[in-house]
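Report on the following structure.
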Amino acid sequence: MNTDNLVKELGINHIGIIMDGNGRWAQKRGLPRKAGHPKGAEAFKKCLDSCVKLGVPCVTFYAFSTENWSRPKDEVDSLMNLFLSFMDEMMKLSSKNIRLRFIGSRDGVPEKICAKMDEAESRTVGNTGTWCCVAFNYGGKEEILHATKKIALEYKNGSIGIDDIDETAFNSCLYTEGLPDVDLIIRPSGEQRLSNFLIWQAAYAEFVFMDVLWPDFSEKDLIAALVEYGKRNRRFGGV
Ligand code: FPP
């Protein structure tokens, strides 16, 4: 199958990916759950390369949710250490013309990770290629509340009027400011829910749920999800 123009032909601007199934991948092999996350990080790297190769304009990966803090401390600590060590890989993305953005709240995120996220973002600021967003300490409800507070402050200081609060104004207060709405959400691992991921931006997204566990997710699976998307009839509320 020739995939050179697939993404363009499908008109896809933004894909959201829920990297689910790391824990089960490890448990299936008799390993502790946390052993699945480094494998998940490898799958992330490969999938990002595939997105760049296929010409995906923007891809957002769900790496750590606002709800994931409730996991056992040992697993949270190992995830934080993984992110910190993985940041050096993130720095290298600049050479691939990737634009990096971390979306989510910084509350409770270790200072060392915040500093690395800022550095990695600023290194890619002049790039023009694929947007890679990493949703870290991210929750869609938190994002909407954060945006609402921002807009309320603008109203309070007189920089926005009540009639100016529309979708464009609201979008500009989200962590995804300036990025296109999500066309396709891919969730591997057999679970079929959104889990507080991009709930505003995915209002009209198509969902593709797959049985593969995230560490095993390959370019073949990404292309299969794109092909499935191509079969959908998007009507955006019209007929
Ligand atoms: C969900 O699988 C996965 C996570 C909560 C962590 C995702 C993190 C990574 C893929 C690794 C790092 C990514 C980057 C960007 C460095 P799960 O643990 O809930 O799996 P389960 O559903 O089988 O329990």
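For GluC sites (Glu not before Pro), the sites in the stretch 1-71 that DSSP calls loop and that have at most 14 other Cβ atoms within 10 Å are E67. Between N171 and E219, the contour length at 0.36 nm per residue exceeds the alpha carbon distance by 14.2 nm. Annotation: peptides 155-161, 180-186, 209-215, 108-114, ranked by per-residue average of other Cβ atoms within 10 Å with the highest first, follow the order 180-186, 209-215, 108-114, 155-161. Bridging of K96 to lysines at a Cα separation below 24 Å is possible for K8, K39, K45, K46, K53, K116, K220, once same-chain residues fewer than 8 apart are set aside.
For the chain, the relative contact order comes to 27 percent (Cα pairs under 8 Å, sequence separation of at least 6).
Rounded to the nearest 500, the 222 nm mean residue ellipticity of the chain from helices alone is -12500 deg cm²/dmol, with -39,500 (n - 2.57) taken per DSSP H run of at least 4 residues. If you take all other residues with their beta carbon under 14 Å from the beta carbon of A43, and give Lys and Arg +1 and Asp and Glu -1, the sum is -1. The local environment of E206, defined by Cβ-Cβ distances under 10 Å, has a net charge of +1 under the rule Lys, Arg +1 and Asp, Glu -1. Taking other residues whose beta carbon is less than 15 angstrom from the beta carbon of E154, and scoring Lys, Arg as +1 and Asp, Glu as -1, yields -1. Taking only the C-alpha atoms of the chain, Rg followed by Dmax gives 18.1, 59 Å. Note on the stretch 133-239: Rg/Rh from Cα positions, Kirkwood definition for Rh, rounded to two decimals, is 1.06.
Rule-based calculations on the coordinates, nothing more; no lab input. These numbers come from a predicted model, not from an experiment. Counting neighbours? That spans all protein chains shown, and the Cβs are built from the backbone with ideal geometry, glycine included.
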